[in-house]
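The values are calculated or read from the model by the stated rules, or taken from the named source; none is laboratory data. Quick caveat, the model's predicted, so the values are computed rather than measured. Cβ placement follows ideal geometry from the backbone for every residue including glycine, while neighbour counts extend to all protein chains displayed. Side chains included, ligands, DNA and RNA excluded: accessible areas come from the protein's heavy atoms. Shrake-Rupley method; radii C 1.70, N 1.55, O 1.52, S 1.80 Å.
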Amino acid sequence: MRSVKVGDKHFRTIWRKPDDERVVQLIDQRFLPHDFVIEEARRVEQMATAIREMHVRGAGLIGASAGYGMYLAALEAARAGRDSFDEHMIRAATQLRATRPTAVNLSWAIERQLQDIATGKTADEKIVLALRTADLIADEDAEHCRMIGQHGLQLIRQIAKTKRNKTVNVLTHCNAGWLAFVDYGSATAPIYAAHDSGLPLHVWVAETRPRNQGSKLLFYVALPSSSIDWKMRDGLKEIPIEQRGADEVKNADGWCDGQQIAVRIAPDESPAANYGFDVTPRELVTGLITERGVCEANEKSIRSLFPEQAS
């Protein structure tokens with residue numbers, strides 16, 4: 001399956017600077033589609049800002065960004081002195097966790113980094129471990145999305161057969177493309193794979209208004225296992241819903257005279273609620289497409305693909 005290119009060059013959404021591994025580069029998505037801006041992060045505080053202010057977006061990319069944020073924190077901790085290394089890492093973990101409370105990939109990546117870094121005996125060993133783990137998190141995210149594409153391709157092939165190879169219509173919803181992960185995307189990966197295999201496709205990129213017509217669809221969720229909270233029992237009751245600032249919905253960004261500007265679209269005194277997510281009951285989900293295959297949206301079926309996560 002082809003990777004995503006900008007112009008003639010392949011880009012991931014986040015990567016280490018080729019000539020300076022102490023710097024992490026990322027695509028600043030605030031300027032898209034008008035401008036392609038590469039941001040550089042040298043400190044954990046900069047990465048926390050990038051996550052919180054949505055320079056980077058999407059579950060997989062948030063997790064990878066947190067992984068690299070912990071690597072930057074390890075570099076800072078080494079400069080701060082050996083005695084305070086672990087304390088600095090705990091503070092960095094707390095700072096990163098507070099950026100986006102809903103995405104489970106965020107806390108998962110932070111915990112994975114803390115556990116791996118703890119096995120190092122010296123500051124230099126801890127830095128090496130932090131870098132290796134950050135790279136692994138990013139590489140696994142890309143590979144899991146690629147595998148989601150292969151499993152989702154089989155579903156599209158089945159649909160194409162029923163349509164006698166006429167055009168298959170695919171509707172995507174939510175931020176689940178290449179920019180939401182390190183590479184390929186989750187919902188878009190099967191689309192890329194189907195296109196590369198020669199299947200005729202038409203893709204709708206839409207929400208589900210008006211008249212709540214989305215409630216009449218059943219649908220598949222494409223996700224890597226790093227997005228699954230294995231400790232949660234009832235998502236409707238337990239998932240924390242992020243509440244973001246009112247200015248995000250009271251202002252609109254746009255391009256004017258060669259620069260990006262913000263325009264107020266609501267009166268200053270108007271209150272606004274800005275929930276970052278909602279929760280879909282599992283009975284409305286047809287199936288889950290993961291890096292290990294397709295399963296039903298229930299605990300038994302999910303654990304059949306991931307038996308090592310048995311409670």
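A quick yes/no check of all residues on (1) open to solvent by 40 Å² or more (accessible area, probe 1.4 Å); (2) farther than 25 Å from D247 by Cβ:
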{"residue": "I14", "(1), (2)": "no, yes"}
{"residue": "K17", "(1), (2)": "yes, yes"}
{"residue": "A41", "(1), (2)": "no, no"}
{"residue": "E45", "(1), (2)": "yes, no"}
{"residue": "R52", "(1), (2)": "yes, no"}
{"residue": "G67", "(1), (2)": "no, yes"}
{"residue": "A73", "(1), (2)": "no, yes"}
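State all residues of region 154-179 that are in contact with a Phe, Trp or Tyr (Cβ under 9 Å, 6 or more places away or on another chain), in contact (Cβ under 8 Å) with a residue 40 or more places away in the chain and either loosely packed, with under 15 Cβ neighbours inside 10 Å or assigned to a helix (DSSP H, G or I) (or both); if no residue qualifies, say none. Hits for region 154-179 are L155, W178.
Here region 207-234 is the region considered, the condition is being of a type in the set (A, V, I, L, M), at pLDDT 85 or above and in a loop (DSSP other than H, G, I, E, B), and the residue that is nearest to A142 (Cα to Cα) is L223. Checking region 265-286 against the condition returns no match, with no residue being touching a Gly at 6+ places or on another chain (Cβ under 6 Å) and either touching a residue at least 60 places away in the same chain (Cβ under 8 Å) or surrounded by 15 or more Cβ atoms within 10 Å (Cβ to Cβ) (or both).
When we screen R112, R57, R146 for residues that are open to solvent by 30 Å² or more (accessible area, probe 1.4 Å), closer than 30 Å to G235 by Cβ and part of a loop (DSSP other than H, G, I, E, B), the only hit is R57. Is one or more of the residues making up region 11-31 in a loop (DSSP other than H, G, I, E, B), among the basic types (K, R) and more than 27 Å from A262 (Cβ to Cβ)? Within region 11-31, one or more residues are in a loop (DSSP other than H, G, I, E, B), among the basic types (K, R) and more than 27 Å from A262 (Cβ to Cβ).
Of all residues in region 217-245, those that are touching a residue at least 12 places away in the same chain (Cβ under 8 Å) have Cβ atoms under 7 Å from Cβ atoms of residues that are among the basic types (K, R) and open to solvent by less than 70 Å² (accessible area, probe 1.4 Å), 6 or more apart or on another chain, in E242/R100. May I ask you to verify whether V24 is crowded, with 19+ Cβ neighbours inside 10 Å and under 27 Å from I241 (Cβ atoms)? So V24 fails the test.
When G293 is tested against (1) over 26 Å from W178 (Cα atoms); (2) modelled with pLDDT of 85 or more, exactly one condition is not met: (1).
A residue that is among the charged types (D, E, K, R) and within 15 Å of the chain's Cα centre (by Cα) occurs somewhere in region 56-76. The combined condition, being touching a helix residue (DSSP H, G or I) at 6+ places or on another chain (Cβ under 8 Å) and at pLDDT below 95, is fulfilled by A78.
Would you please name the residue that is nearest to P271 (Cα to Cα), looking only at residues in region 235-260 that are part of a strand (DSSP E or B) and touching a helix residue (DSSP H, G or I) at 6+ places or on another chain (Cβ under 8 Å)? Among those that are part of a strand (DSSP E or B) and touching a helix residue (DSSP H, G or I) at 6+ places or on another chain (Cβ under 8 Å), it is D253.
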